Amino acid sequence: MGPVDRINTTHRHWVLPSGDEARDEIPRRVLFPQELERCAEASGFEVLDMSDGTGAGLTDPTACTVSRRVQR
């Protein structure tokens, strides 16, 4: 599986109070935890925590990463 295969696209359909409708989509590239950590470190950040809220490691498709800028 290459990077192009890891695109998660959210399709949204909006119904506005006026009755008008709109559609959009948000493509997002899915990163593996180690890949995200390498990208953060290459950008000058230190990863402090990665969690999906389950307490069982990174098993849920939605996770949060906490990092801080490293002073150089």
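It is to be established whether one or more residues within the range 15-22 are in a strand (DSSP E or B) and either touching a Phe, Trp or Tyr at 6+ places or on another chain (Cβ under 7 Å) or in contact (Cβ under 8 Å) with a residue 60 or more places away in the chain (or both). Yes: one or more hits. Give the residue that is least open to solvent (accessible area, probe 1.4 Å), with candidates limited to residues of the range 24-72 that are farther than 29 Å from His11 by Cβ, aliphatic (A, V, I, L, M) and outside any loop (DSSP other than H, G, I, E, B). Of everything passing the filter in the range 24-72, Val47 is least open to solvent (accessible area, probe 1.4 Å).
The values are calculated or read from the model by the stated rules, or taken from the named source; none is laboratory data. Note that the coordinates shown come from a computational prediction; the quantities given were computed from them, not determined experimentally. Ideal geometry is used to build each Cβ from the backbone, glycine not excepted, and the neighbour counts take in all protein chains shown. Surface areas here come from the heavy atoms of the whole protein model, side chains and all, with no ligands, DNA or RNA. Shrake-Rupley method; radii C 1.70, N 1.55, O 1.52, S 1.80 Å.
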